[in-house]
Amino acid sequence: MQRKISFISLALFVVVVCLFAIKSPCQTFKYEAKGKRDPLVPLVGVDRVKVSGLEDVISVDDVKLEGITIGPGGKKMVFMNGRILGEGDRVGLVEIIKIENESVTLVISGTEHNIELTKEGGPASEL
C-alpha cells in the first residue's frame, strides 16, 4: 500500500512538472550592448569569443590590421578585419583617425591606439 501511494505521488508530481514546462513560454535573452562591452564575454582565456568583423570589436586586441594601400592621388585605405576603410570612417566602436604608410591610428571606445602593419616574418620595418 505504501509503495502504491509513493508511486502515485511520484507520477502526479511528474505530470504537474510536465504541464508547467509545456505551458511556460520559452524566454530568450539578448544583450543590448548600447556601446558597452558585454560583461558575460571573458576578456582573456580560451573562452574568449573570436571577433571576425569590426562591428564586434571591443578592444585593440580584436583588431587585425591586414594591409594598407595608397591609391592614385595619394588616398590611403586600410584593410582591417575583412573591411576596407579610409580616414574618418567609423564601424561599431572603431573610428579610423589617420593612415600612415605602415601604421594606422584609430579610436576604440574613446581611447586612441596606433597599430603597426606586421610584415611576414616580424614587425614593420622603418622606412
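Where residues in the stretch 87-99 are surrounded by 15 or more Cβ atoms within 10 Å (Cβ to Cβ) and not aliphatic (A, V, I, L, M), which of them is nearest to the chain's Cα centre (by Cα)?
Among those that are surrounded by 15 or more Cβ atoms within 10 Å (Cβ to Cβ) and not aliphatic (A, V, I, L, M), it is Gly92.
Among the residues of the stretch 69-86 satisfying the criterion of being of a type outside the set (Lys, Arg) and more than 19 Å from Glu112 (Cα to Cα), which is nearest to the chain's Cα centre (by Cα)?
So, considering only residues that are of a type outside the set (Lys, Arg) and more than 19 Å from Glu112 (Cα to Cα), the one nearest to the chain's Cα centre (by Cα) is Gly82.
Limited to the stretch 61-70, what total is found for residues that are exposed (fewer than 14 other Cβ atoms within 10 Å of the Cβ) and either touching a Leu at 6+ places or on another chain (Cβ under 8 Å) or not charged (D, E, K, R) (or both)?
Of the residues in the stretch 61-70, 3 are exposed (fewer than 14 other Cβ atoms within 10 Å of the Cβ) and either touching a Leu at 6+ places or on another chain (Cβ under 8 Å) or not charged (D, E, K, R) (or both).
I'd like the full set of residues that are without any contact (Cβ under 8 Å) to a residue 24 or more places away in the chain and either over 18 Å from Asp61 (Cβ atoms) or out of contact with any Gly (no Cβ under 7 Å at 6 or more places or on another chain) (or both), limited to the stretch 86-99.
Gly86, Glu87, Gly88, Asp89, Arg90, Glu95, Ile97, Lys98
We did not get these values from a lab; they are worked out from the coordinates using the rules stated. Keep in mind that this is a model prediction, so the values were computed, not measured. We place every Cβ from the backbone using ideal geometry, glycine too, and count neighbours over all the protein chains shown.
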